[in-house]
Amino acid sequence: MKDIERIYRDLGISAEVYAYGEAAVARLCDRFAAIDEVAEYNQQKVLSAMQKNRVSATHFAATTGYGYNDAGRDALEAVYADTFHTEAALVRPQITCGTHALTVALSANLLPGDVLLSPVGAPYDTLEEVIGIRPSPCSLSEYGVSYRQVDLLPDGSIDYEGVAAALTKEVALVTIQRSKGYATRPTLSVAEIGKLIAFIKERHPTCKVMVDNCYGEFVDVIEPSDVGADMTVGSLIKNPGGGLAPIGGYIVGTRECVERCAYRLSAPGLGQEVGANLGLLTSLFQGFFLAPTVVAAALKGAIFAANLYEPLGFPVIPNATEPRHDIIQAVSLGSAEGMIAFCEGIQGAAPVDSYVTPIPWAMPGYDSEVIMAAGAFIQGSSIELSADGPIRPPYAVYFQGGLTFYNAKLGVLLSLQKLCDRGLVTLPKL
Ligand SMILES: *Cc1c(COP(=O)(O)O)cnc(C)c1O
């Protein structure tokens, strides 16, 4: 037995599951090579931004209190702006999560009487309360901002006629979510987002466009900011934090929009001038530096999962062969037992808390129990190997992350092993 087979056996992977996995890996050479090419481009893009801004060891020094004249913080923001090709960037540990970053971007750039339009259907769950689709204290709705939505067509494409009709002069901001999140619609490519932005700006030139870029950063060589978005927004405990950022969010875009965001985040008159870095800048710089290759690892893990499960008859979104625009992989396991087995496998492959058994649990905001697997260095980080889903038909788990492909590979193999062990699937004879 080869050393590599022995180490997998010691980790609980049978010879059959290992061989089935290797056959999938062998089919994926070309796709993995294409992912590496994107990662190489993005690595040089980030490096070039770091060099241009003369990042130096002094930029990693901690600041406290008001954080006036924080050269490291300002350099990090310049690096983000240059990477995303924008005039300005707000990248802060004081932005607590992706929802917070999106909330700052929306509330800073919408005024009473304005209309917010989503031309790609319902936004991410947490934004329902931010917007006031589900009534909530301090929602945009309470401040006199109303909301309009144009759903995607049944085939998942954009309803351009509907968008044209909804785009009246009261629409001050359009919000476009790149990733499908936990919906079953397709994720939008940056090119499609660009086409939609051009369509909007042609009809309504003063209308601002914000893109929720969560889970999309570095999957492609261009970003929404390259195709006309006024603001591109995301979380640092997803792709751009590279697994190292312990907290934070970013907003990149036009100077006008980003300045307003800074005034909303801190206070009118203070803006970007305050906000101590609390010693987190090494992680934020280094995480951003590693992000292109970490995203590549996560993408390979997602494609590996699709190529393991689809041939076994489990519906997967995206499917085994289609192009990727984010790092999320949905796998429909068809039963609660299947979801539990899958999540146990992901948990068992983690570097942290691998001995823990995930169990379905009632969660606020959900009408069914939810199961979650995550053994992460950063709590809640979903650029690290993780899986979750509500226990209800079609019994789909959403799988994402993996700081290295080998960690994601072990997770996917162990999930399949658990399904095999419980008789929930039979592998074909190779
Ligand atoms: C994760 C996510 C968010 C919210 O981010 P949090 O950090 O969980 O608050 C918003 N939109 C999309 C598409 C996401 O994937």
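Observations
- Expressed in Å, the radius of gyration and Dmax of the Cα atoms of the chain are 21.8, 70.
- Order of 212, 125, 367 under a 10 Å beta carbon neighbour criterion, fewest first: 367, 125, 212
- Packing-based exposure ordering (other Cβ within 10 Å, fewest first) of 278, 312: 278, 312
- Dipole size of the chain about its Cα centre, with +1 on Lys/Arg Cβ and -1 on Asp/Glu Cβ: approximately 280 debye, rounded to the nearest 20.
- Taking the C-alpha atoms only, the angle from helix 15-27 to the longest principal axis of the chain is near 50 degrees.
- Gaussian network model of the chain, Cα within-10 Å springs - most flexible of 356, 38, 294: 356
- From most to least packed by mean Cβ count within 10 Å, the peptides 316-327, 296-307, 53-64, 81-92 give 296-307, 81-92, 316-327, 53-64.
- When only Cα pairs below 8 angstrom with a gap of at least 6 residues are kept, the stretch 240-288 shows a relative contact order of 53 percent.
- Most fluctuating residue given options 172, 33, 262, as computed from a GNM of the chain linking Cα atoms under 10 Å: 33
- Anisotropy class of the stretch 185-299 from Cα gyration tensor, a/c 1.5 cut: oblate
- Angle in degrees between helix 336-348 and the longest Cα principal axis of the chain, rounded to the nearest 10: 80 degrees
- log10 of Debye I(q)/I(0), alpha-carbon scatterers only, for the stretch 58-288 at 0.08, 0.11, 0.15, 0.18 Å⁻¹: -0.27, -0.52, -0.97, -1.36
- The chain: most fluctuating residue of 406, 80, 366 per GNM, C-alpha cutoff 10 Å: 366
- The stretch 345-417 - convex hull of the alpha-carbon atoms, volume per residue in Å³: 88 Å³
- For the stretch 58-288, averaging the sequence separation of C-alpha pairs within contact (under 8 Å, six or more residues apart) and dividing by the residue count gives a relative contact order of 31 percent.
- Residues 97, 29, 214, sorted so that the one with the fewest Cβ neighbours within 10 Å comes first: 29, 97, 214
- Per-residue [θ]222 nm for the chain (sum of -39500 (n - 2.57) over DSSP H runs n ≥ 4, rounded to 500): -12500 deg cm²/dmol
- Between the stretch 346-398 and the stretch 67-104, the Cα center-to-center distance that results, in Å: 29 Å
- Net +/- balance of residues flanking residue 211 in space, Cβ distance below 10 Å, scoring K and R +1, D and E -1: -2
- Compared with the dominant principal axis of the Cα atoms in the chain, helix 98-108 is inclined by about 20°.
None of the figures in this text is laboratory data; all of them are computed from the coordinates on show. Bear in mind the structure is a predicted one, so any value in this text is a computation, not a measurement. As a convention, Cβ positions derive from the backbone with ideal geometry for all residues, glycine included, and neighbour counts pool all protein chains shown.
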